[in-house]
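All of the numbers you see were taken from the coordinates with simple rules; none came from a lab. The shown structure was predicted, so the numbers you read here are calculated from the model rather than taken from an experiment. As a convention, Cβ positions derive from the backbone with ideal geometry for all residues, glycine included, and neighbour counts pool all protein chains shown.
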Amino acid sequence: MEERQIKPGTIILLVLLVIGTVAAALQIGPTMTLKNTLQVESAATPTPTADVRSMMAVTLPPGVTPQPTVMLLKPGVEGDEVKKLQSRLKELGYYTGEVDGQYGPGTQQSVMLFQAQHGLDDDGIAGEATRNALYASTAQVYIPTPAPTQTPSSLSKGAEGDSVRQMQERLKELGFYNGECDGDYGPGTQTAVRLFQSQHGLEVDGAAGEMTLGMLYSDNAKQVTVTPTPDPNAPPLLVNRTHKLDDNYQPGDLVLLRSVLPESVVYVKGSEIEGDRTAVAALETMFRAAIDDGIGDWQISAGYRSIAYQEKLFNNKVSEYRQQGMTGDKARSAARKTVADPGTSEHHTGLAFDITTPGKTFMGTPQQKWLHEHCWEYGFIIRYPEGKEDITGFVAECWHIRYVGVVHSIPMRDSGECLEEYLD
Ligand SMILES: [Zn+2]
C-alpha cells in the first residue's frame, strides 16, 4: 500500500529496474517468463544483474546521485543504501546478519519484522513509508514475539490447548500415544502419560508434572517398549512366584476401564483402573450377559498394575514393618504375605481383574456364583481356585479372574485344571 505514493524519480528507476530484469530474463533463457525469473532471483539471493548497474551508470547524468528516499530497496538490490538500512535494522534489533549491503532473505525478513511491528504492510520491501518509519526517532526497537507455546510446569487431565497438543505430539513421536493430537487432555492422553511414566521409572499417576514433562522433552526420553496382546491361540502367559515377569514388561494396549465400560453395566471402583483392550471388551460382554440373566450390581476393584506401582506398594509395606522394629529380611517376608512381590502378580499383565459387588463380601453372593459358573464362556478363568493352593502358590481368591481367551478357558473348565496344570 505504501508503495503507491511514488515520486517521479522513482518511476524512472523502476523502469530501469524492469528493463534490467527483462534483460536478465532474456539472458537466462528465452522460454522463461518474467515471473519465473523473479522467483528464481529472490530465492537465490542474487546480486543485481550487471545490466541494471551498467544501465543506471549510463542513463543517469554524471553528478546526479539517486536520492536514497526514492530508491526501492528490495531483495536482490545491493549497495550503500542497503548497508545503511541493515545498520539501522541492526541498531534496532531487527537484523542480526552482516552489514554487507546485500538485500538477501535475512534483510528481507528483518524488514518484514520491522513493518509488522510498525503497522506497515509487511511485504519485506523497504519503500518510502517503511524507511520513513525506520529512520524516524519514533522507530521502535524489536520486541520478539513470545514462543507460540510456553511449556507449563505441569499438565493434568482436563487441561486443554497448545501445550497439551505439543505433549501429545511428543508422546506420539515416542510411540506412547496413538490418538488424535487435539490439545485435549482426555483419558487416552492420561493412559499415554501413565505408560510413559511407568517406562521411565517415574511415579505413575497419569498427570504430567514437572518431572514427567522434564523427562518427556529430554534426550533421555525413550521410545515405547510394547508387549503385544498375547495371541489367543498361543499358550497363556504364566505369572507366579516362580515365573516372574521382566521388569520392563509393559502391556501394549491398555485402556482406562471407566472410559470404555458403561456404568450401567459395571461400576469401576477406581478412576485410574486400566486393562488390556481385548480383555476389557470380554468383560463387557460377560457382564451384559449376566444382567440378561438377572444378575447386576457388578464392580471391578482392580485391574492392571505396573511393576513400578507394585514395587511402591511393596516398599511402603516393608518400611511400615521396619518402623515397627523388624529387620530388613523379616520386614520383606512379612510384606510378601499381604502384597505380591513385584513381578509376580498377574495384575501386571492387564489381563487380570478383581470382580466384586459393592458393599459386600463377594464370597457366596449371587454375583460370585454366576461368575464362577459362566466366566469361562467369555474367556476368563478362576485363577486361584480352592484346593489348588499348593500348585498356584496363592490362597484361593474367588474374586480374581484372568483372561486367557475361550480357546483355553473352555478346555480348562472342562478338565478342572488350574493354569499351572493346564500348561504342564
Ligand atoms: Zn487380583
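How far is it, in nm, from the label point at LYS244 to the one at ARG277 when both lie 7 Å from their Cα along the line to the Cβ? Distance between label points: 3.2 nm.
Within the shell of other residues whose beta carbon sits under 15 angstrom from the beta carbon of ALA335, the net charge comes to +4, with Lys and Arg scored +1 and Asp and Glu -1.
Each principal axis of the stretch 162-216 carries a Cα extent, and these read 27, 19, 18 Å when sorted largest first. If the chain linking ARG336 and ASP297 were pulled fully straight, counting 0.36 nm for each residue of separation and taking away their Cα-Cα distance, it would gain 10.8 nm. Near ASP121, the amide H atoms lying under 5 Å from its own belong to GLU2; only residues 5 or more places off or on other chains count, and H is placed 1.01 Å from N. Within the shell defined by Cβ-Cβ distances under 12 Å, the residues around LYS157 carry a net charge of -2, with Lys and Arg each +1 and Asp and Glu each -1.
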